[in-house]
Amino acid sequence: MDTLDGLKTVVAVVETNSFTAASDRLGISKALVSKYVGEVEKQLNIRLFNRTTRQLALTDSGRRYYEEAITLLEQYSAMVDNVTGEQTRPRGLLRISAPVTFGEMKLAPLLPKFIALYPELTVELILTNGAIDMLEEGIDVRLRIGGVDDSNMIARHLTNFPLVLSASPAYIDKKGLPATPEQFDGHQCIIDSNFRIGKQWPFISPKGQAETIAVNSALAANSPQAVREIAIAGGGIAMTPNFIVEDALSEGRLLPVLPEYTTLEFGLFAIYPHRKYVAKKVRCFIDFALDEFSKQSKATNA
């Protein structure tokens, strides 16, 4: 067994809390994972894990080994990068997590370009709207709309997505186009239940005056794409991130409502573990995402 293999295997078992999940993460068999862990324990004459049929618990020695192993692996990766410099391209598997709608609409179309730039990388995109443990699930970088409150993670701001209002031509023909937020009385609004604001919609006028309006709603959904489709079908006025409706607006399936007013905007962040060394594959992806979304933001605001 190579010493690095032993280090990587123990780290994977600790972070996934499973020999099976560690084997999936490392791309080796469960038997080989067990063998490597056993060899490390034999070499050091310590027990890293207390194992039963139902539970895997890290011992005190195992925790110290893990903490030192992380440092050693980071130092090794940094050394390789320093020695090889620009001569080597990032390689291996890059696992990226993102929200479902954003991942499908905005991130997935960019991945062929990213792979073309770094052909020695393999990318796996994991789309989920739920909370995830990046270490346990082996996620290298997570794109998230909104900040991060985990002190073990670093959040790199990439861009902002403003919320915009829109409604279908049929709805506007029937109910009229409001000229101010106060004229929302009598209009139906579609609530995205992911937003904490609920039926209290904030606005900033062209003169910079802030106000919050209680809107009427008979429809709510926890998906911005569903909110868009309800609006296209004539269900009312939608408040969505601009990228959700930009195609429908350009095609005339939706029309802007109060375009001179502004409301909330959400930040897009790249989140990765708070470690001294960040893998080259992660750094390359974050730099790529920052460049691509900056271009899109400039094009939108032009």
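The values are calculated or read from the model by the stated rules, or taken from the named source; none is laboratory data. The structure displayed is predicted, hence computed values, not measured ones. Counting neighbours? That spans all protein chains shown, and the Cβs are built from the backbone with ideal geometry, glycine included.
Residues in region 216-255 that are more than 24 Å from residue 185 (Cα to Cα) and in a strand (DSSP E or B): none. Among the strands (runs of 3 or more DSSP E) confined to region 32-106, the ones with at least 2 residues that are modelled with pLDDT of 90 or more, within 21 Å of residue 5 (Cα to Cα) and in the same structural domain as residue 145 (by TED's automatic domain parsing) are located at 92-98. When the test is whether a residue is among the aromatic types (Phe, Trp, Tyr) and farther than 29 Å from residue 190 by Cα, residue 285 passes it.
Of all the criteria given as (1) farther than 26 Å from residue 193 by Cα; (2) of a type in the set (Phe, Trp, Tyr); (3) assigned by TED's automatic domain parsing to the domain that holds residue 232, the one not satisfied by residue 114 is (3). What number of residues within region 227-243 are at pLDDT 95 or above and farther than 20 Å from residue 177 by Cβ? Residues flagged as at pLDDT 95 or above and farther than 20 Å from residue 177 by Cβ within region 227-243 amount to 1. The sole residue among 219, 258 that is touching a residue at least 40 places away in the same chain (Cβ under 8 Å) and either under 30 Å from residue 80 (Cβ atoms) or outside the structural domain of residue 67 (by TED's automatic domain parsing) (or both) is 258. Taking region 256-287 as the search range and keeping residues that are small (Gly, Ala, Ser) and not in a loop (DSSP other than H, G, I, E, B), which one is surrounded by the fewest Cβ atoms within 10 Å (Cβ to Cβ)? Here the answer is 267. Give region 228-242 a look and list any residue that's under 15 Å from residue 161 (Cβ atoms) and surrounded by fewer than 19 Cβ atoms within 10 Å (Cβ to Cβ), or say none. The one that is under 15 Å from residue 161 (Cβ atoms) and surrounded by fewer than 19 Cβ atoms within 10 Å (Cβ to Cβ): 242.
A search for C-beta distances below 6 Å between a residue of region 91-114 that is closer than 13 Å to residue 285 by Cβ and any residue that is outside any loop (DSSP other than H, G, I, E, B) and charged (D, E, K, R), counting only pairs 6+ apart in sequence or on different chains, returns 94/281; 95/124; 97/142; 110/292. Evaluating residue 44 against the criteria (1) aliphatic (A, V, I, L, M); (2) out of contact with any strand residue (DSSP E or B) (no Cβ under 8 Å at 6 or more places or on another chain); (3) closer than 17 Å to residue 140 by Cβ leaves one unmet condition, (3).
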